[in-house]
Amino acid sequence: MKISEVLELFLLAALWGGSFLFLRMASPAIGPVWLIEFRVLIAGLVLLPFLIRLPLAEELRHHWQSLAIVGLLNSALPFVLLAFASLSLPAGFTSILNATAPLFGTAIAMFWLKEKFSSSRLLGLLLGFIGVVVLVGWQFSTTPTFLASVAAGLTAALMYAIAAPYIKQKLSEVNSLTIATGSQLGAAIVLLPLLPFTIPQKFPQPTIVLAILALAVFSTAFAYILYFRLIHHVGSTRALTVAYLIPVFAMLWGAIVLSEPITLAMILGCGCVLLGTAIANGVFSRFFR
């Protein structure tokens with residue numbers, strides 16, 4: 001990967017790391033469905049003027065079917081599932097579940113895109129996942145709520161892994177802004193039928209409104225442009241390794257914003273995550289030839 005692509009990967013991880021904090025803050029207040037409807041609709045509307053200005057409206061119209069599928073698989077379903085998980089799981093633990101996306105993605109890419117699979121990539125993915133587990137600490141419970149939340153988080157990661165090669169295969173020639181805009185607006189349309197059944201009981205407080213706006217504008221609109229650029233430039237499997245870095249930033253934002261302590265496990269886990277991500281992305285590939 002080029003230096004610029006590595007920097008984009010870290011920036012994306014920082015933006016998505018913050019999203020888990022925003023989900024944890026806002027999901028209990030207005031519910032998963034309405035939160036994600038606001039997230040994708042605002043993000044799509046923020047991006048739409050830029051798309052029209054370029055202009056890319058014709059590209060959006062031509063690929064609307066594929067963009068709707070991406071909106072379902074890569075936004076509507078995983079976003080709602082992660083918001084549901086955030087109702088009962090800490091932000092850091094939810095990020096563990098999200099970090100399984102590269103593991104799902106590697107298996108899918110092998111069979112779908114016929115990507116080359118090496119021992120170094122396997123080592124990097126496994127080391128990164130171990131680092132994520134060490135980072136937040138493993139918790140286990142057999143309560144129905146816990147199991148349902150874990151299942152939701154893992155299913156969300158699987159959706160990301162399925163969507164990434166689909167984007168690479170069907171929309172490789174489409175501008176990243178078109179994909180980001182079309183998928184978010186498509187996700188907003190998909191969720192519309194669920195809104196009457198999940199109406200919030202009260203209007204959210206100003207802090208929750210700010211969290212929703214930050215989630216939509218920074219952790220969605222801007223972040224997805226970076227994500228689709230990475231898929232185009234480095235491939236779906238490597239782009240998915242951003243999931244390993246997200247918990248690092250989720251913990252960092254927790255320490256800065258919520259004054260959460262930084263433990264030894266966090267430092268050790270962070271080192272494993274960074275090393276695993278570097279190996280999976282071929283930074284040390286010359287040592288495995």
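Label positions at Leu264 and Thr155, each projected 7 Å from the Cα along the C-beta direction, are separated by 4.0 nm.
Report, as a whole number in µm² per second, the diffusion coefficient that Stokes-Einstein gives for the chain at 4 °C and 1.567 mPa s using the Kirkwood radius over alpha carbon pairs. List each step's numbers first, then the result.
On the way: Rh = 19.0 Å.
Calculated translational D: 68 µm²/s.
If you average the C-alpha positions of the stretch 241-270 and of the stretch 17-73 separately, how far apart do those two centres end up, in angstrom? Measuring centre to centre over Cα atoms gives 26 Å.
A simple charge model with +1 on the Cβ of Lys and Arg, -1 on the Cβ of Asp and Glu and nothing else charged puts the dipole of the stretch 3-288 at about 240 debye relative to its Cα centre. Length available on full extension from Trp64 to Leu192: 0.36 nm per residue minus the Cα-Cα distance, which gives 44.3 nm. Which FRET efficiency value, to the nearest 0.05, is calculated for His233 and Gln201 with the Förster distance at 30 angstrom and r the Cβ-Cβ distance? After rounding, the FRET efficiency stands at 0.10. Each listed q (0.09, 0.10, 0.13 Å⁻¹) maps to a log10 I(q)/I(0) for the stretch 1-121, found by the Debye formula over equal Cα scatterers with no solvent: -0.35, -0.43, -0.73. For the pair Arg53 and Val6 in one chain, pulling the backbone fully straight at 0.36 nm per residue adds 14.0 nm over the alpha carbon distance.
Where a number appears in this text, it was derived from the coordinates with a stated rule and is not lab data. Model, not experiment: these values are computed from the prediction. Backbone-built Cβ (ideal geometry, glycine too); neighbour counts: all protein chains shown.
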